Amino acid sequence: MQGNLVDLERATYRASYLDGIIDLFVGGSLLWIGAIWVWAPDLGGLAGILPAVMSPMLVPVRKQIVEPRGGFVKWGESRRNWERRNLNAMVVIGIAILLLGIGTYAAVSAGPSTTDFLALISPGLIAFILAAMSIGIGFLIGHWRFFAYAAVLVVGGILTSAADASPGWPLLAAGLLVAGLGGVMLVRFIRSNPVVESP
């Protein structure tokens, strides 16, 4: 019986992330970071501003859109602690890794003192880092589509490294895909779950 309840909670938790809002957040962040690196690379340090500002808005936005349509689920204490612990760790580690990647790219671009391998992959380095973060989100919410997003970023990073192009291009391409799918998911969710007015 306990196993059935755990499986039910896990399935319900996964279903709670089918509204596309987190996809729109990830896609919008990728578009912002990519645009900075393509058109204003000297301002690369600003790349993390939009995701940092948008992160606290995720919960209230989901509350406004999802709860009137899907109701409110109060997770058990163990699930809430697990989610809080992993989400906080992922945000901190993700920001640290992203800053490290930006610093590494800047150092490689500034001079020939780094290894040939780092110099070779540096155009795709930010895409590879964000792919790792996407995998982390996939594990956190239990959805395979974030692994697919990560694969798109990895392929884009490889192509960018091979072409020695701006590191922003694979982020823009992946951002369009992720935000587009997130938008489709959100529209479907809203249409499938109309708000029912109380009698």
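Tabulated values for the structure
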quantity	calculated
Filter result (in contact (Cβ under 8 Å) with a residue 24 or more places away in the chain, over 21 Å from residue 142 (Cα atoms) and either surrounded by 14 or more Cβ atoms within 10 Å (Cβ to Cβ) or not hydrophobic (A, V, I, L, M, F, W, C) (or both)) within segment 52-64	54
Scope segment 23-49; condition buried (at least 17 other Cβ atoms within 10 Å of the Cβ), at pLDDT below 80 and in a helix (DSSP H, G or I); matching residues	44
Exclusive hit being at pLDDT 75 or above and hydroxyl-bearing (Ser, Thr, Tyr), set 17, 13	17
Residue 162 vs. criteria surrounded by fewer than 21 Cβ atoms within 10 Å (Cβ to Cβ) and more than 17 Å from the chain's Cα centre (by Cα)	yes
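The values are calculated or read from the model by the stated rules, or taken from the named source; none is laboratory data. These numbers were taken from a predicted model, which means no experiment stands behind them. Positions of Cβ are backbone-derived with ideal geometry, glycine not excepted, and every protein chain shown enters the neighbour counts.
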